[in-house]
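Engineer: Quick one: the structure is below, and I'll ask about it shortly.
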Amino acid sequence: MNIPKTLRRGRVAAIIVATALFASACSSGTDTASNNSTAGTDTGGTYTAAEVAAGSGAYQVKPLFAVPKKLPKKYRLAFLNNGKSNAFFATWSQGMHDAAKFYGVDFDDADLDFKYENELSAYQQLAVKQPDVVGANVMNSAVYTQITKDGAKIVMIDGSFQSVPNYGVPDDQVGQLAIKQLEDPAKAKLAADWKGRKLDIVGMTAPNCGPCDARVKAAFAQAQSDLGVAASDTTMLTPAGQDPTSASQSTFADFLTAHPKDVVLVMSYGDEPVIGAINAAKAANRGGDILAITNGGDEAARAAIRDTSNKGILVGSIDYQPYAEGWNFVEAAIATAMGQSFSSFTVDRVLTAQNVDQYYPNDKK
């Protein structure tokens, strides 16, 4: 999620908070918990986890709700997408459309193109079809009031607003997981090439982005606990600019210049900031002085993992599985329409050069 147009999820959060109208949407909130495994048992049973995994192909989605095979009605769902020009949000949309087809519900989404000031008008266009449930990552009072006035329910992804049911990436967990992946490679280097050198931990965040900061702070705490790094040797960098890759490249280049003899572990709330940091290190002939991991696992991260010039620098990427997160919206929306709860979204998969093709065989090479 970063700032304006190129931002996403964690990056998304940054975009979200770029305006006060959307401030509350940047909080990741508490997921609606509890899986209702008995839903629909008297109307033909429910889709099993194995059936959902098979139906979602290579993505192997884990359902958040056991959807009845015979629904009370053919629900119509709608989603206000941040901007489908962004790979992460486009993948959300793909997952939503595929899940809607799988479960036999109607689905429409609107592309905000990161123009959040147009969210109300975008919703009003969707409202013509009278959706039962409307989803969003970004929410404000005007949109919320209109949706509820129209009698529709709301589900949010990677954001929260008032008491709206929501699910999304667990911020602390992904920050901790990122550092965990760097620990063994760092210890090996500190015992060899990096022996005797000062170790810094850098976390790339985004302006006014609570979830972004939370991921970075969780990583810092993990590094202090597991690697014995002093708090004074952790640095949160906040690149300014709409393009998170180029902005982070410039910001991290300045950091390297100010720390000419240090070695650095780099993480972020997302993918592009770390890719920018790697570019900066390579440009300064200091690729050997950093180890990095991205958060998100989007197309840019997967391409960077496959890039052999990043070997020994980029350890991998925490995979947020945006397709699954999009697919899960349809399940969460159906659950909400039925007055049921849904389970939490979890992130536990790490992409590496060894497994990225296995998990994403359809990527264009």
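The values are calculated or read from the model by the stated rules, or taken from the named source; none is laboratory data. A quick note: this is a predicted structure, and the numbers were derived from the prediction, not measured. Here the Cβ is made from the backbone with ideal geometry for all residues, glycine too, and neighbour counts use every protein chain on show. Heads up: the accessible areas ignore ligands, DNA and RNA and are worked out on the full protein's heavy atoms, side chains in. Shrake-Rupley method; radii C 1.70, N 1.55, O 1.52, S 1.80 Å.
Engineer: Could you check VAL315 against (1) in contact (Cβ under 8 Å) with a residue 60 or more places away in the chain; (2) open to solvent by less than 10 Å² (accessible area, probe 1.4 Å); (3) within 19 Å of TYR269 (Cα to Cα) and say which number it fails?
Structural biologist: So the condition that VAL315 fails would be (2).
Engineer: Among the listed residues GLY339, GLY316, which satisfies the condition of being of a type in the set (Gly, Ala, Ser) and either assigned to a loop (DSSP other than H, G, I, E, B) or within 24 Å of GLY83 (Cβ to Cβ) (or both)?
Structural biologist: Residue meeting the stated conditions: GLY339.
Engineer: While we're on this one: Check segment 28-49 and report whether any residue there is surrounded by fewer than 17 Cβ atoms within 10 Å (Cβ to Cβ), charged (D, E, K, R), at pLDDT below 80 and over 14 Å from the mean Cα position of the chain (by Cα).
Structural biologist: Yes, some residue in segment 28-49 is surrounded by fewer than 17 Cβ atoms within 10 Å (Cβ to Cβ), charged (D, E, K, R), at pLDDT below 80 and over 14 Å from the mean Cα position of the chain (by Cα).
Engineer: Continuing with this model, one more query. Mind checking which residues of segment 192-208 are open to solvent by 90 Å² or more (accessible area, probe 1.4 Å) and on the phi > 0 side of the Ramachandran plot?
Structural biologist: ASN208
Engineer: Considering only residues that are small (Gly, Ala, Ser) and touching a residue at least 60 places away in the same chain (Cβ under 8 Å), look in segment 329-365 and name the one that is surrounded by the fewest Cβ atoms within 10 Å (Cβ to Cβ).
Structural biologist: SER344
Engineer: So, one more: Return yes or no: is VAL155 crowded, with 19+ Cβ neighbours inside 10 Å, farther than 14 Å from ALA218 by Cα, without any contact (Cβ under 8 Å) to a residue 40 or more places away in the chain and of a type outside the set (Phe, Trp, Tyr)?
Structural biologist: Considered against the rule, which asks whether it is crowded, with 19+ Cβ neighbours inside 10 Å, farther than 14 Å from ALA218 by Cα, without any contact (Cβ under 8 Å) to a residue 40 or more places away in the chain and of a type outside the set (Phe, Trp, Tyr), VAL155 comes out as no.
Engineer: Criterion first (open to solvent by less than 20 Å² (accessible area, probe 1.4 Å) and touching a residue at least 24 places away in the same chain (Cβ under 8 Å)) does ASN279 satisfy it?
Structural biologist: On the way: open to solvent by less than 20 Å² (accessible area, probe 1.4 Å): no; touching a residue at least 24 places away in the same chain (Cβ under 8 Å): yes.
Here the answer is no, as ASN279 does not meet what is asked.
Engineer: OK, next. Suppose the filter is open to solvent by 70 Å² or more (accessible area, probe 1.4 Å) and over 19 Å from the mean Cα position of the chain (by Cα); does LYS62 pass it?
Structural biologist: no
Engineer: Let me ask another. Within segment 242-253, can you find the residues that are within 20 Å of the chain's Cα centre (by Cα) and open to solvent by less than 40 Å² (accessible area, probe 1.4 Å)?
Structural biologist: PRO244, THR245, ALA247, SER248
Engineer: Taking the conditions exactly as written (closer than 23 Å to VAL350 by Cα, of a type in the set (A, V, I, L, M) and surrounded by fewer than 18 Cβ atoms within 10 Å (Cβ to Cβ)), does ALA221 satisfy them or not?
Structural biologist: Considered against the rule, which asks whether it is closer than 23 Å to VAL350 by Cα, of a type in the set (A, V, I, L, M) and surrounded by fewer than 18 Cβ atoms within 10 Å (Cβ to Cβ), ALA221 comes out as yes.
Engineer: Let me ask something additional. Inspect segment 186-209 for any residue being under 27 Å from the mean Cα position of the chain (by Cα), over 19 Å from LEU314 (Cα atoms) and not in a loop (DSSP other than H, G, I, E, B) and give the result as yes or no.
Structural biologist: Checked against the condition, which is being under 27 Å from the mean Cα position of the chain (by Cα), over 19 Å from LEU314 (Cα atoms) and not in a loop (DSSP other than H, G, I, E, B), segment 186-209 yields no hits at all.
Engineer: Are any residues in segment 133-184 hydroxyl-bearing (Ser, Thr, Tyr) and not in a strand (DSSP E or B), and if so, which ones?
Structural biologist: SER141, TYR144, THR145, THR148, SER160, SER163
Engineer: Mind listing whichever residues of segment 54-66 are assigned to a loop (DSSP other than H, G, I, E, B) and of a type in the set (Ser, Thr, Tyr)? First the steps, then the outcome.
Structural biologist: The initial filter retains those residues of segment 54-66 that are assigned to a loop (DSSP other than H, G, I, E, B), namely 56, 60-66.
If the condition is that a residue be assigned to a loop (DSSP other than H, G, I, E, B) and of a type in the set (Ser, Thr, Tyr), then SER56 is the only one that fits.
Engineer: May I ask you to verify whether ALA301 is in contact with a helix residue (DSSP H, G or I) (Cβ under 9 Å, 6 or more places away or on another chain), open to solvent by less than 40 Å² (accessible area, probe 1.4 Å) and part of a helix (DSSP H, G or I)?
Structural biologist: yes
Engineer: Which of (1) open to solvent by 10 Å² or more (accessible area, probe 1.4 Å); (2) over 17 Å from ALA300 (Cα atoms); (3) within 13 Å of the chain's Cα centre (by Cα) is the odd one out, the single condition GLY326 does not satisfy?
Structural biologist: Failing condition for GLY326: (1).
Engineer: In addition: Specify the residue that is most open to solvent (accessible area, probe 1.4 Å); the eligible residues are those in segment 67-125 that are hydroxyl-bearing (Ser, Thr, Tyr) and not in a helix (DSSP H, G or I).
Structural biologist: Checking each candidate, the answer is SER85.
Engineer: Kindly indicate the residue of segment 210-246 that is part of a helix (DSSP H, G or I) and of a type in the set (Val, Ile, Thr) and also farthest from VAL174 (Cα to Cα) among those meeting that condition. Spell out how you get there, then give the answer.
Structural biologist: Narrowing segment 210-246 to residues part of a helix (DSSP H, G or I): 210-227, 231-233, 244-246.
If we keep only those that are of a type in the set (Val, Ile, Thr) as well, we get 216, 245.
On the way: VAL216: 9, THR245: 20 Å.
Per the criteria, the residue is THR245.
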